[in-house]
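Chemist: Structure provided below as structure tokens; questions to follow.
The values are calculated or read from the model by the stated rules, or taken from the named source; none is laboratory data. This is a predicted model, so every value here is computed, not measured. Positions of Cβ are backbone-derived with ideal geometry, glycine not excepted, and every protein chain shown enters the neighbour counts.
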Amino acid sequence: MLLPSDSMFAEISDMMGIEIYTDKGLILGIVNDFIINTETKKVEGLLVGEPNPLLVEHSRSVSVPFRWVDAFGDVILLKYFPRFVPTSPIPARISLWKKAADEVIRTTEEVTVSTEKKLEREVKKAGRTIKRKFKKSKF
């Protein structure tokens, strides 16, 4: 959706502070800022600073893609918004990340121990070789 070119800046500035409503009629929040693509000079999204906690977990800021905007005037109506937006990491993901990190640490420790044992064997072998050569040498 493009704004009319002759009043684009006026309308964008007029949209600051306007209430945004979902397609279900729930208030999402108020437009705090815009996300603008500087190359295409188009509005990519609307930033909602303190959204409705019933729609966004912990009322964390969210960006609403401008393509979801259905209409704007006194308020902004969205043609789509998810039922609920989680903002904290999912516990299952955390346990997977922890498991992966633990596996990396365990593997690294195994490689380190294995390398140390190989080095120890090589040093002992070299020591035995040196002893044999020393015994055989005629001083």
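Chemist: How many of the residues in region 30-86 are in a loop (DSSP other than H, G, I, E, B), free of Cβ contacts under 8 Å to residues at least 40 places away in the same chain and out of contact with any strand residue (DSSP E or B) (no Cβ under 7 Å at 6 or more places or on another chain)?
Modeler: Here is the first cut: in region 30-86, the ones in a loop (DSSP other than H, G, I, E, B) are 38-41, 49-55, 60-61, 73-75, 79-84, 86.
Restricting the remaining residues to those that are free of Cβ contacts under 8 Å to residues at least 40 places away in the same chain gives 38-41, 49-55, 60-61, 73, 82-84, 86.
Now restrict to residues that are out of contact with any strand residue (DSSP E or B) (no Cβ under 7 Å at 6 or more places or on another chain): 38-41, 53-54, 60, 73, 82-84, 86.
Total meeting the criteria: 12.
Chemist: OK, next. (1) farther than 18 Å from GLY17 by Cα; (2) surrounded by fewer than 10 Cβ atoms within 10 Å (Cβ to Cβ); (3) at pLDDT below 85: which one isn't true of THR112, the others all being true?
Modeler: All conditions pass for THR112, except number (2).
Chemist: Kindly indicate the residue of region 55-83 that is of a type in the set (A, V, I, L, M, F, W, C) and more than 22 Å from the chain's Cα centre (by Cα) and also nearest to ILE35 (Cα to Cα) among those meeting that condition.
Modeler: Among residues in region 55-83 that are of a type in the set (A, V, I, L, M, F, W, C) and more than 22 Å from the chain's Cα centre (by Cα), the one nearest to ILE35 (Cα to Cα) is VAL69.
Chemist: How about region 19-29: which of its residues are part of a strand (DSSP E or B) and buried (at least 17 other Cβ atoms within 10 Å of the Cβ)? Full working, then the answer.
Modeler: Of region 19-29, the ones part of a strand (DSSP E or B) are 19-21, 27-29.
Hits for region 19-29 are ILE20, TYR21, LEU28, GLY29.
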